[in-house]
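Q: Following this message is one structure expressed as structure tokens.
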Amino acid sequence: MKFTAMAVVCAASAALITVGASTASAAPVSAQSIVCVQENNVIYRKTPEGTPLGQVHRGRRFDVFESGGPDLTWAHGNIVGGRAGVWIYWGLLGNC
């Protein structure tokens, strides 16, 4: 099941944190946002919890356009300068 940014705002408005905020933890986004990978050897996938497609490393920028998966814990977006339309677990993403 996919969730658009608007659905995230409606479903998680009480817990919504803007990615650009001073907090270090990543959370569902309300608009397209650029975040950075916070660890090395982070696997990006075809779907949330799905087939692994490759790995990215700390500092790589990720252009997020929606959240999804169980409890909206996955970010769907494009690796800047790399693969498009992949999923990365939100807990491995944060502010640049």
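The values are calculated or read from the model by the stated rules, or taken from the named source; none is laboratory data. All values reported here derive from a predicted model rather than from experimental measurement. Cβ atoms come from the backbone with ideal geometry, glycine included; neighbour counts cover every protein chain shown.
Q: Mind counting the residues in region 34-62 that are under 11 Å from the mean Cα position of the chain (by Cα) and hydrophobic (A, V, I, L, M, F, W, C)?
A: So the answer is 5.
Q: Okay, next question. Of the residues that make up region 17-25, is at least one within 15 Å of residue 91 (Cβ to Cβ), at pLDDT 50 or above and among the polar types (S, T, N, Q)?
A: no
Q: Also: Hey, can you tell me all the residues within region 66-89 that are within 14 Å of residue 53 (Cβ to Cβ), touching a Lys or Arg at 6+ places or on another chain (Cβ under 9 Å) and in a loop (DSSP other than H, G, I, E, B)? Write out each step before concluding.
A: Going residue by residue through region 66-89, those that are within 14 Å of residue 53 (Cβ to Cβ) are 74, 76-79, 82-89.
Retained after the next criterion (residues that are touching a Lys or Arg at 6+ places or on another chain (Cβ under 9 Å)): 74, 76, 79, 82, 85-89.
Answer for region 66-89, where residues must be within 14 Å of residue 53 (Cβ to Cβ), touching a Lys or Arg at 6+ places or on another chain (Cβ under 9 Å) and in a loop (DSSP other than H, G, I, E, B): 82, 85.
Q: Given the criterion in a loop (DSSP other than H, G, I, E, B) and at pLDDT 95 or above, identify the matching residue among 50, 54.
A: None of the other options fit; the residue is 50.
Q: Among the residues of region 63-84 satisfying the criterion of being of a type in the set (Gly, Ala, Ser) and under 11 Å from the mean Cα position of the chain (by Cα), which is farthest from residue 34 (Cα to Cα)? Don't jump to the end; show me each part of the working.
A: Step one: of region 63-84, the residues of a type in the set (Gly, Ala, Ser) are 67-69, 75, 77, 81-82, 84.
Cutting the leftovers down to under 11 Å from the mean Cα position of the chain (by Cα) gives us 67-69, 75, 77.
Values: 67: 13, 68: 17, 69: 19, 75: 11, 77: 9 Å.
The qualifying residue farthest from residue 34 (Cα to Cα) is 69.
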